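The values are calculated or read from the model by the stated rules, or taken from the named source; none is laboratory data. What you see is a predicted model, and the numbers here were worked out from it, not measured in a lab. FYI the Cβ positions are ideal-geometry reconstructions off the backbone, even for glycines, and counts take in every protein chain you see. Calculation scope for accessible area: heavy atoms of the full protein, side chains included, ligands and nucleic acids excluded. Shrake-Rupley method; radii C 1.70, N 1.55, O 1.52, S 1.80 Å.
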Amino acid sequence: MHQFTHIDQENQPGMVDVSLKDITRREATAESILTLGEEIIQYMQDGDIESKKGPVFQTAIIAGTMAAKKTSDWIPFCHPLPLEKCKFLITAINTTQVRVQCTCLTSARTGIEMEALTGASAAALTIYDMCKAVSKSITIDHTRLLSKTGGKSDFEQE
């Protein structure tokens, strides 16, 4: 049976000791799906939405990258990691929804899943913020890990 890793033998929370782990190449991809609605999607041209605040998806990529770099400041037991890559892909998946994918890469002793999840989440929140003047019914439907490689085990969402 799996145990929670951030609870010690005395049932106290804390960071996992990764000092004895090998440094390996680790990559993770996460996604957030937003339902913007046809009212907002109609503004998409050339792969982005131009708003009075600027290009929505380009701004979301910048915000997501900034958030991924600061993940350990947001999530209490995350180790600060050298972010070697942070790449986004934002695409319409139908007439009402967009997908934000964030892929992060590091060479470290611990995984980079939280950075990918934080990047996707922050980008989705930025899209929400920049589009809320047009519609308040935007939803961030889900955020999830799609894949991870490196470390003890690999994972791929089915």
(request) For helix 56-69, report the angle its Cα long axis makes with the longest principal axis of the Cα atoms of the chain; keep it between 0 and 90° and round to the nearest 10°. (result) 10
(message) Can you give me the % of accessible surface on the stretch 1-146 that is carbon or sulfur? Probe 1.4 Å, all protein chains present, nothing else counted.
(response) 55
(request) Determine ³J(HN,Hα), in whole Hz, for all residues of the stretch 3-17 in sequence, where each value follows from phi through the Karplus function 6.51 cos²θ - 1.76 cosθ + 1.60 and θ = phi - 60°; x replaces Gly and Pro. (result) 10, 5, 7, 9, 10, 8, 5, 8, 6, 9, x, x, 5, 6, 7
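Accessible area, 1.4 Å probe, largest first: how do Ile61, Ile23, Ile41 sort?
From most accessible down to least: Ile23, Ile61, Ile41.
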(request) May I have the extent of the alpha carbons of the stretch 1-126 along their three principal axes, as whole Å values ordered from largest to smallest? (result) 54, 27, 25
(message) If you fit an axis through the alpha-carbon atoms of helix 113-131 and take the longest principal axis of the Cα set of the chain, what angle between them do you get, 0 to 90°, nearest 10?
(response) 20
(request) Enumerate by residue number the trypsin sites (Lys or Arg not before Pro) in the stretch 43-151 meeting two conditions: DSSP loop (anything except H, G, I, E, B), and at most 10 other Cβ atoms within 10 Å of the site's Cβ. (result) Lys52, Lys136
(request) Counting other Cβ atoms within 10 Å, keep those with at most 16, restrict to DSSP loop, and tell me which chymotrypsin sites (Phe, Trp or Tyr not before Pro) in the stretch 71-158 are left. (result) Phe77
(message) Out of the chymotrypsin sites (Phe, Trp or Tyr not before Pro) in the stretch 1-70, which ones are loop residues according to DSSP with at most 11 other C-beta atoms within 10 Å?
(response) Phe4
